[in-house]
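*Asks:* Structure below; questions to follow.
Where a number appears in this text, it was derived from the coordinates with a stated rule and is not lab data. The structure presented is a predicted model; accordingly, all values stated were derived computationally and were not measured. Positions of Cβ are backbone-derived with ideal geometry, glycine not excepted, and every protein chain shown enters the neighbour counts.
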Amino acid sequence: MASQEQLSAIKRAKVLMVGAGGIGCELLKTLALSGFQDIHIIDMDTIEVSNLNRQFLFRQSHVGQSKAKVARDAVLRFRPNISITPYHANVESRFNVDFFKEFDVVLNGLDNLDARRHVNRLCLAAGIPLVESGTTGFLGQVTVHLKGKTECYECQPKPAPKTYPVCTITSTPSKFVHCIVWAKDLLFAKLFGDKNQENDLNVHSSDTANSSEHSEDVFECRKDEDIERYGRRIYDHVFGHNIEVALSNEETWKNRNKPRPIYSKDVLPEEQTKENGNEEKGCAADDVSAMVSLSLKNPQDIWSLVENSRVFLEALRLFFLKREKDIGNLTFDKDDQLAVEFVTAAANIRASSFGIPLHSLFEAKGIAGNIVHAVATTNAIIAGLIVIEAIKVLQKDNNNYRMTYCLEHPSRKLLLMPVEPYEPNRSCYVCSETPLSLEVNTQRCKLRDFVEKIIKAKLGMNFPLIMQGASILYEVGEDLEEDMVVIYAANLEKALSELPSPVTSGSVLTVEDLQQEFSCSINIKHREEFDEEKEPDGMLLSGWVEAPVDKDNNKPIGNDESTSNALPSMETLDGDKDDEIQETSEVVEAFAGKKRKLSEVSEVTAPDPSGPSSINQNKPEKLDIDDEDDELIISDDWESFTKKKKL
Amino acid sequence: MDGEELTEQETALYDRQIRVWGADAQRRLSKSHILVCGLKGTVAEFCKNIVLAGVGSVTLVDDRVVTDESLPANFLILPHENHYNGKTLAEVCCDSLKEFNPMVHVAVETVPLQVVNLFLLGGPAGDISTFGVEFFEKFDAVIISCCSLGKKVLFQKLINQKCRKLSKRVAFYTVECRGSCGEMFVDLQDYKYSKKKLEETIECQIEYPSFEEAISVPWRALPRRVSKLYFAMRVIEQFEDVEGRNPGETSIADRLGVLKLRKELCETNSLDESQIPDALLERLLTDTREFPPVCAIIGGILGQEVIKAISGKGDPLKNFFFFDAMDGKGLIEDISGPSTRS
């Protein structure tokens, strides 16, 4: 049990937990058992059935209710005399620096990068210690962040969700995931989503024959057109006609296997008549399912081409028949059974065409929905480790903070691997206030692009304020004056060099997010030309450390952000089943040392964050000061970071 | 395949974990039966984990009556007098565990531990094997966390022997947490399993020493860098056994006695006393109550191991696991004689 000093520090502490999900439930329970008496917990989600395998504070009867509130009630049952304050809200909404300042420590149990970055900035602004964590399957990690003393959460690059080049998706898929992205972001979006959205379906680099007007007609259901007819027409267009068009470009297929066109009459010769008696049994719009209709019972089965085709046509038919009002404003939702069925079927037919192995609905759903696999045990372990670090933080036990990695396969006998935290990255634009640089064509680039692609997408600022000197070029807020709002709206459409306070080469912009109380400066440098393939945004941001990007990354189609407790370094959507080999090296990479450990800070040598030669490969690092024998070798994979880091 | 398939309910509930270990493994879990002996905080954590995972049944043995003492690290006990008044630990935990997953059968084995022990140690008749076999054969895994009686080592040895005598393989685990430290032991006997590496399926086999074999391995025969916690736990354990104490019933007043025992054991084993630091022993003597974060960690690792062994998926650890919150390391030690050393 904890010592007396520990116990009194624990009793007095006011703790903020962000997230009441997988890690959150375990954490709240362990905090309560450990003697914590004043806990606040924020979570915007409600409880779902798939949570119940690990979020043990929740029951079937709680589905639909607020996680934060139910978690609190559940823990009070075995610790009735402590105070737990739940907030059913988005942490990125109303919680400002003053709110954060009230706490002694913040403990994150989040499932997305955006929120983590947001909390990181608030903790830095408030000067409050942050304990971060994440889990995926059997892997997990806990890290400690203290302003000025250790790295902040953003000092090390976090990989962005994986994206794929347009041409791979539209023309040359080679993996099943490419087919899923096509089915979900192109076909599903085209048929059921916002008609006004740009859509790359039918875009072929050599395709001059089809005018876009003609393409538009193809996907619209014609007046008085029979739904069966329509379904087959769409089927034939995307799986037959479009493939034939693609085949006509010989160049593409020089070194690749050619796809084969598939036509519905060849796969399903007879017309789909009312064989499907089941679905007429007055089911609610929500429960509509092609699988049920076709008596396909097992989501783990891999359907044949014929079955996939049936599902495709039946799902499409059911959308039009039972969910007509949804058509035109649907986005893919993994919990929408019919949508999952449609996307699975479409992806499989396309896969069939390209000779890619087919997948079950279960697998397809996981890939399309970015579902992260999760178990209770890892969350429990991580929660225990979080509390241990939290107690050290409360006691200001500065020399003993650890980052701990929970591995699936032991590394040098260790399943739980503690590592000393690193000192802050001097180049981190978040905690070290280093200016960034942006190369951009100031005469062509509009302020809107700058805001969307750089400020929001890359820098993670939700409510930006952009200034040059004393001039405000743009800001977001509730209490802005009408005329300012008009000016800002107009500014968005102007090129940078044409703004009221012109932005040209040599300009320095200050960008702030008032809520995160975070600001940084960006030095602007004008450049005329940008490579369309390598720099599709027409802008190049440097000094911002980005994780190694897919080398095929030209004009990518973004895949949805992973909604999970995933370790940042594990966020991939490959849908590959065999991740055993990759795993250890990825974890090692995740803490590849580029900076000095805290224990080395007292040394006189100046830090050289850009010098690969200053770090030896396989330099033994001492972890345990007690025991000379205990060594932990961390191989510094410096190369993979410096190569991509633009300086 | 009919009747073998997971139900719709199971598929929906277990979706996220099926994505980790697959539907086959989930099916095997749902048919498994686990025996748990001794319900302190760590084991409560473990039980929660396997109930959530969807094992077939969990049988609880612990006839100690609930007191204020048992409350701190065990979240299965709700501190309302009428919830636990007069009930045994097993009964109270059973009620709570059922809530976590209605598809798991959770039950209390009413044979009191003393009686079990009596039978196992050899009651007056001396022939206990029949009873022992029947009792344990129902289970796929047995988890022992020692409670009373002051004969921890013997108790664990005997149950382990029962498990090994059966023709069916019964996985055997012991677990103990004291303060910031935790220890876990695994015996899967002769364990065969397969795993996929890249495109191939590899057949694997691991031979485990029995509990008795493991702790009888002479200390000088162990690799140099073996965790000091292993030795320290053996010293404390023997001390408690010799002194007739319940596990955890020690204090700083026992310091001299423990150091004396350490000296003897080290001499017998030709081990340098510095391998078992004073500070570590003192911590284990004084810091004996379970520390909830450590319970969560050890309960989690134990949960994972049992799931692996039952599902046949994943490399099980062999054969000891140690955690010490002081250095934060969770490490595996292979304590085996020459015949079973990996």
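*Asks:* What is the magnitude of the charge dipole of the stretch A:27-85 about its Cα centre, with +1 placed on the Cβ of each Lys and Arg, -1 on the Cβ of each Asp and Glu, and no other charges, expressed in debye to the nearest 20?
*Replies:* The dipole of the stretch A:27-85 has a size of about 200 debye.
*Asks:* Relative to the longest principal axis of the C-alpha atoms of chain B, give the angle of the C-alpha long axis of helix B:41-53, reported between 0 and 90° and rounded to the nearest 10°.
*Replies:* For B:41-53 against chain B, the angle is about 20 degrees.
*Asks:* Answer with one residue from B:ILE236, B:ILE276, B:THR250: the one whose Cα lies farthest towards the positive end of the charge dipole of the stretch B:216-286, charges on Cβ with Lys, Arg +1 and Asp, Glu -1.
*Replies:* Sorting the options by dipole projection puts first B:ILE276.
*Asks:* Which residues' amide hydrogens lie under 5 Å from the amide hydrogen of A:GLY137, considering only partners 5 or more residues apart or on another chain, with H built in the peptide plane?
*Replies:* A:HIS373, A:ALA374, A:VAL375
*Asks:* When chain B is modelled as a GNM with alpha-carbon springs shorter than 10 Å, which of B:SER210, B:SER32, B:SER270 fluctuates the most?
*Replies:* Looking only at B:SER210, B:SER32, B:SER270, the biggest GNM fluctuation is shown by B:SER270.
*Asks:* While we're here: Per DSSP helix of 4 or more residues, -39500 (n - 2.57); summed, then divided by the residues of chain B. What does that give at 222 nm, rounded to the nearest 500?
*Replies:* It lands at -13500 deg cm²/dmol.
*Asks:* Follow-up. Given charges of +1 on the Cβ of Lys and Arg and -1 on the Cβ of Asp and Glu, with all other atoms neutral, how large is the dipole of the stretch B:216-286 about its Cα centre, in debye to the nearest 20?
*Replies:* 360 debye
*Asks:* Could you run the Karplus curve 6.51 cos²θ - 1.76 cosθ + 1.60 with θ = phi - 60° over the stretch B:178-185 and give me ³J(HN,Hα) per residue in whole Hz, x for Gly and Pro?
*Replies:* My calculation for the stretch B:178-185 gives 10, x, 7, 10, x, 9, 9, 10 Hz in order.
*Asks:* No solvent, one uniform scatterer per C-alpha: report log10 I(q)/I(0) for the stretch B:216-286 via the Debye equation at q = 0.12 1/Å, two decimals.
*Replies:* Results for the stretch B:216-286 at q = 0.12 Å⁻¹ read -0.28.
*Asks:* If packing is taken as the average number of other Cβ atoms within 10 Å across a peptide's residues, how do A:444-453, A:412-421 rank, most packed first?
*Replies:* Packing proxy ranking, top to bottom: A:412-421, A:444-453.
*Asks:* Starting at the first residue of the stretch A:191-196, write each ³J(HN,Hα) from the Karplus equation 6.51 cos²θ - 1.76 cosθ + 1.60 with θ = phi - 60°, in whole Hz, x for Gly and Pro.
*Replies:* Along the stretch A:191-196, the couplings run 7, 10, x, 4, 5, 7 Hz.
*Asks:* Quote the charge dipole size of chain B about the Cα centre in Debye, to the nearest 20; the model charges only the Cβ of Lys and Arg (+1) and of Asp and Glu (-1).
*Replies:* With only Lys, Arg, Asp and Glu charged at Cβ, the dipole is about 640 debye.
*Asks:* For a quick check: with amide H placed at 1.01 Å from N, whose amide H comes under 5 Å from A:LYS494's, ignoring anything fewer than 5 positions away on the same chain?
*Replies:* When sequence neighbours closer than 5 places are left aside, the close amide H contacts are A:LEU447, A:ARG448.
*Asks:* Among A:ALA74, A:VAL144, A:TYR87, whose Cα sits farthest toward the positive end of the charge dipole of the stretch A:37-146 (+1 at Cβ of Lys/Arg, -1 at Cβ of Asp/Glu, about the Cα centre)?
*Replies:* A:ALA74
*Asks:* Can you pick out the pairs among A:LYS175/A:LYS265; B:LYS162/B:LYS263; A:LYS149/B:LYS318; A:LYS365/B:LYS196; B:LYS157/B:LYS263 whose Cα atoms lie more than 29 Å from each other?
*Replies:* From the list (A:LYS175/A:LYS265; B:LYS162/B:LYS263; A:LYS149/B:LYS318; A:LYS365/B:LYS196; B:LYS157/B:LYS263), the Cα-Cα distance tops 29 Å for B:LYS162/B:LYS263; A:LYS149/B:LYS318.
*Asks:* A further question follows. Over the whole of B:72-80, what's the average partner chain Cβ count within 10 Å per residue? Rounded to a whole number, please.
*Replies:* 4
*Asks:* Once Lys and Arg get +1 and Asp and Glu get -1 on their Cβ, which of A:LEU492, A:CYS445, A:LEU459 lies farthest toward the positive end of the dipole of the stretch A:440-546?
*Replies:* With unit charges placed on the Cβ atoms, the residue in question is A:CYS445.
*Asks:* Using only atoms on other chains, find how many Cβ atoms lie within 10 Å of each Cβ of peptide A:25-37 and report the average.
*Replies:* 4
*Asks:* Quick one: which residues, 5 or more positions from A:ILE41 or on another chain, have an amide H under 5 Å from its amide H? H modelled 1.01 Å from N in the peptide plane, none for Pro or chain starts.
*Replies:* Close amide H contacts, sequence-distant or interchain: A:MET17, A:THR85, A:TYR87.
*Asks:* Could you rank the peptides B:257-266, A:473-482 by their average count of other C-beta atoms within 10 Å per residue, with the highest value first?
*Replies:* In decreasing order of mean packing, B:257-266, A:473-482 become B:257-266, A:473-482.
*Asks:* Please report the antiparallel percentage of the DSSP beta bridges confined to chain B, to the nearest 5.
*Replies:* If I count the DSSP bridges inside chain B, around 60 percent turn out antiparallel.
*Asks:* What does the average come to when, for each residue of peptide B:286-293, you count the partner chain Cβ atoms lying within 10 Å of its Cβ?
*Replies:* 6
*Asks:* Show me B:40-48, A:14-22 ranked by packing, highest mean number of other Cβ atoms within 10 Å first.
*Replies:* Ranking, from highest mean packing down: B:40-48, A:14-22.
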